[in-house]
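Structure, as structure tokens:
Please treat every number below as a calculation from the coordinates, not as lab data. Since we're looking at a predicted model, the values are computed, not measured. No Cβ is skipped: glycine too gets one built from the backbone with ideal geometry, and neighbour counts run over all protein chains shown.
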Amino acid sequence: GSFLFLGPTGVGKTYLARNLAEFMFGDAEALIQIDMSEYMEKFTSSRLIGSPPGYVGYEEGGQLSESVRRRPYSVVLFDEIEKAHPDVMNLLLQILEEGMITDSFGRKIDFRNTIIIMTSNVGAQTIKRQTSLGFGAMSEDDADFEGMKEKILEEAKKEYKPEFLNRLDDLVVFKMLEKESLSSIVDLEIDKLLVRLKEKEIGLELNGSARDFLIEEGYDPSFGARPMRRAVERHLEDPLAEALLRSEFKAGDVLEVSHEERAKELSFQVRPSQAAPDEAEVAG
């Protein structure tokens, strides 16, 4: 399959591709990610399939062709495809049409067992404008969102050639993240922290007020989930790291995190424990 993901930054296009690779092929390493900002010039396009004989890097093969040859069952992600040079787009046309390319060594590289995903920010300004006009809290079934989706697809048709769009299985439009969606993102970020703390046999409990504070601090519809990650780092991870360096808690302790009304930071309390916690949890 081949798909074009459209939408603003920070809404999870790359994250979805990474999870799709793990779901389909059982391994997060099954994602081959190519950043198209590295292929904006004409001379860089040869790096995908390898340099011609006699040129520097010929023996190394291509970044794309070698990765697919070694892992034929994978998700191939072309990030920010609108930045790619036209020569790269022509190469993609061949992959989408024939399902294979010939690398610099003359070998046929088969893409028929891969899932090809391209991400693009084309139409992101349209989404931002529509949200600022009051469409930010729509459900996916609303006619207003369908109208906005049509405008984004129209912009995609202006940006990309018909022969490129015709070879795709589907174009997927992502909405801007709503405030309610950030609760799940907070849980994902905290889960990563819990894993690291569990390695040190330290427990962590966040109450509802602490989670609400992180959501409030990290909510920025224009930038998606990335401000939320920074809020978790600034208000939760950094203070915990500093406290750990000061030896304010030890293995077996449980850290209780809360937030007082109008306070600008989270509050931390240490609950000593004789035994290491079996499992860290998020309360709330």
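Tell me the label-point distance for the pair D187, Y73, using the 7 Å Cα-to-Cβ offset, in nm and rounded to one decimal.
Inter-label distance under the simple model: 3.0 nm.
Between E97 and E178, what's the calculated FRET efficiency when r is the beta-carbon distance and R0 is 41 Å? Round to 0.05.
Using R0 = 41 Å, I get an efficiency of 0.60.
Find how much the distance from Q269 to L153 grows on full extension, using 0.36 nm per residue of separation minus their present alpha carbon separation; answer in nm with one decimal.
36.7 nm
Treating the beta-carbon of each Lys and Arg as +1 and of each Asp and Glu as -1, no other charges, what is the dipole magnitude of the stretch 179-271 about its Cα centre, to the nearest 20 debye?
It comes to approximately 240 debye.
Run down the lysines and flag those whose C-alpha is under 17 Å from the C-alpha of K198, throwing out any fewer than 8 positions away in its chain.
Counting by Cα, and skipping residues close in sequence, K198 has these lysines nearby: K250.
From Cα pairs below 8 angstrom and at least 6 apart in sequence, can you work out the relative contact order of the stretch 179-271, rounded to a whole percent?
Relative contact order for the stretch 179-271 comes out at 32 percent.
Between L244 and S37, 0.36 nm times their residue separation minus their Cα-Cα distance comes to what?
70.6 nm
Give the calculated FRET efficiency between E216 and E29 to the nearest 0.05, with a Förster radius of 25 Å applied to their Cβ-Cβ distance.
Calculated transfer efficiency: 0.10.
When the helices in the chain are scored as -39500 (n - 2.57) per DSSP H run of 4 or longer and the sum is shared across all residues, what 222 nm value do you end up with, to the nearest 500 deg cm²/dmol?
Result for the chain, helices only: -11500 deg cm²/dmol.
Can you give the % of DSSP beta bridges in the chain that are antiparallel, to the nearest 5?
25
When the dipole is taken about the Cα centre of the chain, and only Lys, Arg (+1) and Asp, Glu (-1) are charged at their Cβ, what size is it in debye, to the nearest 20?
For this selection, approximately 780 debye.
Among all the lysines, which ones have a C-alpha under 29 Å from K157's C-alpha, if same-chain residues fewer than 8 places away are not counted?
Excluding near neighbours in sequence, the set is K13, K42, K83, K128, K149, K175.
Taking +1 at the Cβ of each Lys and Arg and -1 at the Cβ of each Asp and Glu, which of Q63, I116, S258 sits farthest along the dipole of the chain towards its positive end, judged by Cα position relative to the Cα centre?
Looking along the dipole axis, the top candidate is Q63.
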